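Below you'll find the structure, written out as C-alpha cells, and then a few comments.
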Amino acid sequence: MKVGKVSESVLKRSILKKINIISEEVLIGADIGVDCAVLALSDKEAFVISTNPVVKTTKDLGKIGVYTATNNIAAAGAKPIGVMVSILLPTRNSESKLQGIMEQVVETCNSLQIQVMGGHTEVTTAVNQPIVTITGVGKINKDSTFSPQNIKAGQDVVLTKWIGLEGTSIIAKEKEEVLTTRFSIGLIEEAKGFDKYLSVVKEAATAIRSGVCAMHDISSGGIFAALWEIAESADVGLQIDLKKIPVKQETIEVCEFFELNPYSLSSGGSMLMVTEKGHDLVNALQEEHINAAVIGKIMDGNDRIVMNHEERRFLIPPKADELHKIYE
C-alpha cells in the first residue's frame, strides 16, 4: 500500500465493515470524517476519546501529538482533560531522545492545562524511527455532542487561521538547511514559528458559544481532505471559493520550493466550522484575535465543488499528505 493514511475505499472495505456496534454506551463510533469516539459516562456526561500516531516529523513528536489529539476532542465540542502517551523507540536512540519527547509532551499539556495520565514506553527493533501515539480524553455534556447530522444545505463553511500551518512548520524545521539556499533566515524562522498556532481549543470554545453546528479540525491531507471528509460524513455537497481560503505567504513559498500542493498539506491548527451565520461566527472569532473567513456553503446533492474564478474542480477522496514527499 502507499505511504500515508489508507484510502477511503480501503478504510471502508477493510476496517469500517469489520466493526460491529455492540455497546449501547458508544454514542458515536468509527466512521468517515469522525475523529473521536463518544462514550456515555452518566445520564448527563460523556467521555470523548481520540488516538493519533505522529509519523510526520522527527523533531516535534510530543508537541504535535498532544495538539492533534486535543484538537480532535475540541472539534467534537468537548473539553480536553488529559492524554495517554505511547512511545516506541528504535535501539539506536538514547535516553536523551526519550527525555526530549516527554519534555515536549509535558510542556504542551501544561500550556493546555491538561494531565499526562499514563501510557507505555518501549525500545524495539520493530521501528526505525520514534513512534509517538497520543490518546486524548475529554468530557462533554451528553446532550451536546456534535453530529454530522447537524449539517444542512445552505449553511456557511468557515475556516479558522490559515491552511498549511503544521506542514509548513515541520518542513521549515526538518529542511532548514536546504531552505537557506533560497530563502532568508527571517522567512524560515517565521515558518518554523507557525507551531504557535497549532492548538484549536480556543476557537472551538468560541464557536460553541456562538452556536456552531459542526466542527472538523484539519490535519493530514490538508483542507481538501477535510472538506471531503466533512461532506462525506454528512452526505452533503459543498461549494468552496478557493480564493477565500486563507494561506500564509511563507506556506506558498515553501510549497513552491518543494513542488507541494498547499491545499493537500497537513494543516493542524486550522479548523472547519459549519454554521447558520458564518459572518457572525467570523466576527466572534476575530474578537478573540483568531483569523477566520467564510469560504463557502453546504449544498444539496453530493457534488463537492471548488471554484477558482470561473474554473470548477471536483474534490476527490483524500490521498497521501503532501508532507510525505519531502522524505522521498
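Annotations
- Residues that are open to solvent by 10 Å² or more (accessible area, probe 1.4 Å) and touching a helix residue (DSSP H, G or I) at 6+ places or on another chain (Cβ under 8 Å) do occur in the range 275-286.
- Applying a threshold of 6 Å to beta carbon distances and a minimum spacing of six or more residues, or different chains, the list of pairs starting in the range 72-99 at a residue that is within 14 Å of THR51 (Cα to Cα) and at pLDDT 90 or above and ending at one that is buried (at least 17 other Cβ atoms within 10 Å of the Cβ) and of a type in the set (Ser, Thr, Tyr) reads ASN72/SER50; ILE73/SER50; PRO80/THR70; MET84/THR135; SER86/THR133.
- Counted residues, the range 52-103 - those being over 27 Å from ALA207 (Cβ atoms), open to solvent by 20 Å² or more (accessible area, probe 1.4 Å) and part of a helix (DSSP H, G or I): 8
- Under the condition of being in contact with a helix residue (DSSP H, G or I) (Cβ under 6 Å, 6 or more places away or on another chain) and modelled with pLDDT under 90, the residues counted in the range 116-152 number 1.
- Residues (farther than 28 Å from GLU190 by Cα, assigned to a loop (DSSP other than H, G, I, E, B) and charged (D, E, K, R)) located in the range 226-258: ASP235
- Against the test of being of a type in the set (A, V, I, L, M), modelled with pLDDT of 95 or more and in contact with an Asp or Glu (Cβ under 8 Å, 6 or more places away or on another chain), the options ILE252, ILE188, ILE240, ILE245 yield a single qualifying residue, ILE188.
- Options ILE131, ILE151, ILE163: the member that is more than 17 Å from the chain's Cα centre (by Cα) and open to solvent by less than 30 Å² (accessible area, probe 1.4 Å): ILE151
- Only one entry in GLU190, GLU122 is part of a helix (DSSP H, G or I) and open to solvent by 40 Å² or more (accessible area, probe 1.4 Å), namely GLU190.
- Number of the exception - ILE223 against (1) free of Cβ contacts under 8 Å to residues at least 60 places away in the same chain; (2) in a helix (DSSP H, G or I): (1)
The values are calculated or read from the model by the stated rules, or taken from the named source; none is laboratory data. Everything numeric here is computed off the predicted structure, so don't read it as measured data. No Cβ is skipped: glycine too gets one built from the backbone with ideal geometry, and neighbour counts run over all protein chains shown. Accessible surface areas use protein heavy atoms only, side chains included; no ligands, DNA or RNA. Shrake-Rupley method; radii C 1.70, N 1.55, O 1.52, S 1.80 Å.
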